[in-house]
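To keep things clear, I will list the structure first and then write my remarks on it.
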Amino acid sequence: MRSVIDVLDLTVEELEELIKVADDIIDNPQKYSEKCKGKKLATLFFEPSTRTRLSFEAAMYELGGNVLGFSEAQSSSAAKGESVADTAKTVSCYADIIAMRHPKEGAPLVASLNATIPVINAGDGGHNHPTQTLADLLTIHREKGRFNDLTVGLCGDLKFGRTVHSLINALSRYSGIKFVLISPDELKLPSYIKKEVLEKNNLEYVQTTSLEEVMPELDILYMTRVQRERFFNEEDYLRLKDSYILTPEKLVNAKKNLSIMHPLPRVNEISVAIDEDPRACYFKQVLCGKFMRMALILKLLEIN
Ligand code: CP
């Protein structure tokens, strides 16, 4: 029985195998329509979500399985003080696999240590979001055809943005990757990630506050939302929230084959005028997320 709490729980070979399966699901959906017949996915969401929860649910339905769960802590017994460990033990009696989102970093790990079924981390606080990274990797693979030799700009809230942390972890295992970290000083990438991931793996990276200056060199621009829910005071959020707003004018010096990504939801970070630009990939990421979650459910349930 295997859980996925961190993207590094999957080897490079396993990531490539998931991409292969997702590509096959895209080409042959009918082949997969009954693979999870009789199986149940529990979506335990203690924090708001549109894409992750609904794509997990759509994934399980498209595999012929069923879904149960809750979409907010208040409608579960967590509101009465039940622990994550007891919730995981309980849900193990009803379902075959769990997808859990929680505001506390490490909560899905605690669930995985107490559940008797696989647990997938669907986002834990400002820590990790491995299945968003699966969506991002499939998108990059379909757009660029490779993971090596890419200059990847990560822009916005690099401190609390869990999607960025997971993506850096995943890409750190490929060669020729250069990270360009674009953020206000207050929202820089945490030093533990710089030390433990970037420096330990001798990865090239630069830090800057200017998106315009680095735009011409980027192959991928990964925009992120300033994570209001992680701030201790509203004043700081209001001061920082519009630090970077991508508009068509700012893309004048960008590469013609730049891939513009965003895990969504967006607030103000990308002007809607960019949505029709062929370089905009963020709604492709949404769709890729469903296919990769289908591939991951099959893998963890050991269904071929
Ligand atoms: N990208 C993402 O995690 O979106 P949701 O918060 O809507 O699930």
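The values are calculated or read from the model by the stated rules, or taken from the named source; none is laboratory data. Worth saying up front: this structure is predicted, and the values here are computed from it rather than measured. So basically every Cβ, Gly included, is an ideal-geometry build from the backbone, and we count neighbours across all protein chains shown. Remember, those area values only see protein heavy atoms, side chains included, never the ligands or the DNA or RNA. Shrake-Rupley method; radii C 1.70, N 1.55, O 1.52, S 1.80 Å.
Each Cα pair under 8 Å and six or more residues apart adds its separation to the average, and for the chain the resulting relative contact order is 19 percent.
Note on the chain: percent of Cα-Cα distances in each 10 Å bin, starting at 0 and stopping at the bin with the largest distance, equals 6, 28, 35, 23, 8, 0.
To put it simply, the accessible area of region 177-304 at a 1.4 Å probe is 50 percent carbon and sulfur.
Taken as Cα centroids, region 222-251 and region 280-295 sit 24 Å apart, rounded to the nearest whole angstrom. Per the helix-only calculation at 222 nm, which mean residue ellipticity applies to the chain, given -39500 (n - 2.57) for every DSSP H run of n ≥ 4 and division by its residues, nearest 500 deg cm²/dmol? It comes out at -10000 deg cm²/dmol, rounded to the nearest 500.
Please give the contour-minus-distance gain from Glu235 to Ser175: 0.36 nm per residue of separation, less the Cα-Cα distance, rounded to one decimal in nm. The partial results should precede the final answer.
On the way: separation 60, 0.36 × 60 = 21.60 nm, distance 4.06 nm.
My answer for the length gained is 17.5 nm.
Here each label is just a point 7 Å from Cα along the line to Cβ, and for Leu8 and Glu34 those points are 4.3 nm apart.
Here region 104-170 has 48 percent of its accessible surface on carbon and sulfur atoms, given a 1.4 Å probe and all protein chains in place. Ordering Phe232, Cys155, Ala73 by Cα displacement along the dipole of the chain toward the positive end leaves Ala73 in first place; charges were set at the Cβ atoms of Lys, Arg (+1) and Asp, Glu (-1). Compute the long axis of helix 51-62 from its Cα atoms, compare it with the longest principal axis of the Cα atoms of the chain, and write down the angle in degrees, 0 to 90, nearest 10. Roughly 50 degrees, rounded to the nearest 10.
Quote the FRET efficiency, to the nearest 0.05, computed for Glu186 versus Arg279 with a Förster distance R0 of 35 Å and r equal to the Cβ-Cβ distance.
Computed FRET efficiency for Glu186 and Arg279: 0.75.
Exposed loop sites, defined as chymotrypsin sites (Phe, Trp or Tyr not before Pro) outside DSSP H, G, I, E and B with at most 15 other Cβ atoms within 10 Å, are absent from the longest region of the chain, namely 1-93.
Beta bridges from DSSP with both residues in the chain: antiparallel share about 5 percent, rounded to the nearest 5. Report, as a whole number in µm² per second, the diffusion coefficient that Stokes-Einstein gives for region 197-238 at 10 °C and 1.306 mPa s using the Kirkwood radius over alpha carbon pairs. Translational D for this selection: 118 µm²/s.
Would you please classify the overall shape of region 152-284 from the alpha carbon gyration tensor, given that a ≥ b ≥ c denote the square roots of the eigenvalues, rounded means a/c under 1.5, and beyond that prolate means a/b larger than b/c while oblate covers the rest? Oblate shape, in that a/c is at least 1.5 and b/c is the bigger or equal ratio.
For region 1-41, what does the alpha-carbon gyration tensor say about shape, rounded, prolate or oblate, given a ≥ b ≥ c as the root eigenvalues, a/c under 1.5 as rounded, and a/b over b/c as prolate? Oblate is the answer for region 1-41, as a/c is 1.5 or above yet b/c matches or exceeds a/b.
Report, in degrees rounded to the nearest 10, the 0 to 90 angle that the Cα long axis of helix 282-300 makes with the longest principal axis of the chain. Between helix and principal axis, roughly 40 degrees. Within the accessible surface of region 4-50, defined with a 1.4 Å probe on protein heavy atoms only, the carbon and sulfur portion equals 49 percent. Where in region 246-304 are there GluC sites (Glu not before Pro) that are in a DSSP coil and have at most 10 other Cβ atoms within 10 angstrom of their Cβ? Answer in residue order: Glu276, Glu302. Summary value for region 26-94: 35 percent relative contact order, contacts being C-alpha pairs under 8 angstrom separated by 6+ residues.
Annotation: amide H of Lys178 within the under-5 Å range of Leu150, Thr151, Val152, sequence separation 5 or more or interchain, hydrogens built in the peptide plane.
Shape of region 221-297 from the C-alpha gyration tensor: oblate (a/c of 1.5 or more and a/b not above b/c, with a ≥ b ≥ c the square roots of its eigenvalues).
So, for the chain, what is the accessible surface per residue at a probe of 1.4 Å, expressed in square angstrom? Value for the chain: 44 Å² per residue.
Exceedance of the 23 Å cut-off in Cα-Cα distance is limited, within the set Lys40/Lys290; Lys37/Lys104; Lys20/Lys284; Lys144/Lys241; Lys195/Lys250; Lys200/Lys299, to Lys37/Lys104; Lys144/Lys241; Lys195/Lys250; Lys200/Lys299. Compared with the dominant principal axis of the Cα atoms in the chain, helix 130-144 is inclined by about 50°.
Spatial offset of region 124-150 relative to region 167-211 amounts to 15 Å, using the alpha carbon center of each.
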